[in-house]
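The values are calculated or read from the model by the stated rules, or taken from the named source; none is laboratory data. If you're wondering where the values come from, they're calculated on a predicted model, not measured in any experiment. Positions of Cβ are generated from backbone atoms using ideal geometry, with glycine treated the same way; all protein chains shown enter the neighbour counts. Protein only, heavy atoms only, side chains kept; ligands, DNA and RNA dropped before computing areas. Shrake-Rupley method; radii C 1.70, N 1.55, O 1.52, S 1.80 Å.
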Amino acid sequence: MKIVIIGGTGLIGSKVVQKLREHGHEAVPASPDTGVNTLTGEGLAEALKGADVVIDVSNSPSFEDAAVLKFFQTSTSNILAAEKKAGVRHHVALSVVGTERLSESGYIRAKQAQEKLIRESGIPYSIVHATQFFEFVPRIADDLTVGTEVRVPPVLFQPMAAEDVAKTVGKVSVGPPLNGVIEVGGPEQFRFDEIIRRALAARKDPRAVIADPKARYFGATLSERSLVPDEGARVGEVTLEMYVKQKAAAAAQPAAAGR
Ligand SMILES: NC(=O)c1ccc[n+]([C@@H]2O[C@H](COP(=O)([O-])OP(=O)(O)OC[C@H]3O[C@@H](n4cnc5c(N)ncnc54)[C@H](OP(=O)(O)O)[C@@H]3O)[C@@H](O)[C@H]2O)c1
């Protein structure tokens, strides 16, 4: 199968490309880095020629409300139009668990707009809702920082490894279109403030982490289950402990090689 991965050079995309290739598929990454720009349409028709499936794991370079909305609306419209011309049979997109209930967030409103375009496109599709990636936790901490404090709503949090996200997206892409959403989360639940506290402590980051139910997450007020998937969701394999060990091992590798 020829599978084009929009955003195939990013955190999730590069792992999806690798996994699909390991399973014998023709996986083609498409992003500005490879000469494909979904905002301008440059290189898109060419990349989609003969494609059976398109996976969209791209992300907006800016998370500012208007910029991110423009990114997902323009990019998704261009991708879907190009897919129609190329006769693509399955569009797969990665979105966020809780997208339907977090409309206060400008970023999430952009993901809602992306999903609406997909649902109304007439192209068979699958939307994967994933929880927050372990890799994204430092960026979350920065977003929640006020002065020298990180103010975090102490709600349930079920983070997962990018590795597990990529595995799920890859599997869904080679299966039949779901014409709906599937959810995937990490294997463990934590308190959001606990994870941020642990992540900062591990990096010896001096910012104080304060549990604050009113703190907004990318613009949205959260309730207990806003960020966690429903019962029956798929569950990744990589626990926090495994992730921390893998990260430490990867960090030690270049030093070992240089010895
Ligand atoms: N972070 C989380 O915790 C979380 C949770 C659930 C879902 N998600 C979703 O996961 C998806 C992927 O996130 P990620 O962290 O893997 O993203 P990422 O590492 O930032 O990668 C973004 C990708 O998008 C590409 N891109 C940017 N502008 C483009 C354009 N104009 N045309 C084509 N490609 C473009 C980039 O290409 P270049 O490398 O060439 O710039 C890169 O390959 C996002 O849609 C996000 O909403 C994230």
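Points to keep in mind about this one:
- The chain: antiparallel DSSP beta bridges as a percent of all, rounded to 5: 15 percent
- Under 5 Å between amide hydrogens, built in the peptide plane, is the criterion, and for Ser95 it picks out Val128, His129, Ala130 among residues at least 5 positions away or on other chains.
- Charging the Cβ of each Asp and Glu at -1 and of each Lys and Arg at +1, and nothing else, the dipole of the stretch 122-240 about its Cα centre rounds to 240 debye.
- Computed Kirkwood radius, in angstrom, where 1/r is averaged over Cα pairs of the stretch 161-209: 13.6 Å
- Under a Gaussian network description of the chain, with springs only between Cα atoms under 10 Å, the residue in Ala201, Ala113, Ala161 that fluctuates furthest is Ala201.
- Taking Cβ atoms as reference points and 13 Å as the exclusive limit, the residues near Pro206 contribute a net charge of +2, counting Lys and Arg as +1 and Asp and Glu as -1.
- Here Leu44 sits with roughly 10 square angstrom of accessible surface, probe radius 1.4 Å.
- Solvent-accessible surface ranking, highest first, for Thr168, Thr221, Thr40 at 1.4 angstrom: Thr40, Thr221, Thr168
- Ranking Val16, Ile123, Val209 by Cα position along the charge dipole of the chain, where only Lys, Arg, Asp and Glu carry charges on their C-beta atoms, puts Val16 farthest toward the positive end.
- For Leu156 and Lys84, the difference between the fully extended length at 0.36 nm per residue and the C-alpha to C-alpha distance is 21.9 nm.
- For the set Val53, Val181, solvent exposure ranked by accessible area (probe 1.4 Å, protein chains only) runs largest to smallest as Val181, Val53.
- Among the listed pairs Lys204/Lys247; Lys116/Lys214; Lys49/Lys111; Lys84/Lys116; Lys19/Lys85, those with a Cα-Cα distance over 21 Å are Lys116/Lys214; Lys49/Lys111; Lys19/Lys85.
- Long-range amide H partners of Val209 with built H, under 5 Å: Val150
- Val57 - accessible surface, heavy atoms, 1.4 Å probe, Å² rounded to 10: 20 Å²
- In this Cβ point-charge picture (+1 for Lys and Arg, -1 for Asp and Glu), the chain has a dipole of about 280 debye about its Cα centre.
- For the stretch 181-190, 3J(HN,Hα) per residue [Karplus equation, 6.51 cos²θ - 1.76 cosθ + 1.60, θ = phi - 60°, Hz, x = Gly/Pro]: 10, 10, 9, 9, x, x, x, 9, 10, 9
- Projected label distance in nm at Asp212 and Phe190, using a 7 Å step from Cα toward the beta-carbon: 2.0 nm
- P(r) tail fraction, the stretch 106-180 - alpha-carbon pairs more than 14 Å apart, %: 72 percent
- Accessible area of Met242 (1.4 Å probe, protein heavy atoms only, ligands and nucleic acids ignored): about 80 Å².
- Principal axis extents of the C-alpha atoms in the stretch 132-259 (largest first, rounded to whole Å): 49, 49, 20.
- Unit charges at the beta carbon, dipole of the chain: most positive-side option, Ser58, Ala86, Pro32: Pro32
- Overall, the ratio between the Cα radius of gyration of the stretch 1-109 and 2.2 N^0.38 Å, rounded to two decimals, is 1.06.
- For the stretch 58-115, the list of GluC sites (Glu not before Pro) that fall in a loop by DSSP and count at most 15 other C-beta atoms within 10 angstrom reads Glu64, Glu104.
- Alpha carbon convex hull of the chain, volume per residue in cubic angstrom: 136 Å³
- Rounded to the nearest 20, the Cβ-based charge dipole of the stretch 1-73 about its Cα centre (Lys and Arg +1, Asp and Glu -1) stands at 200 debye.
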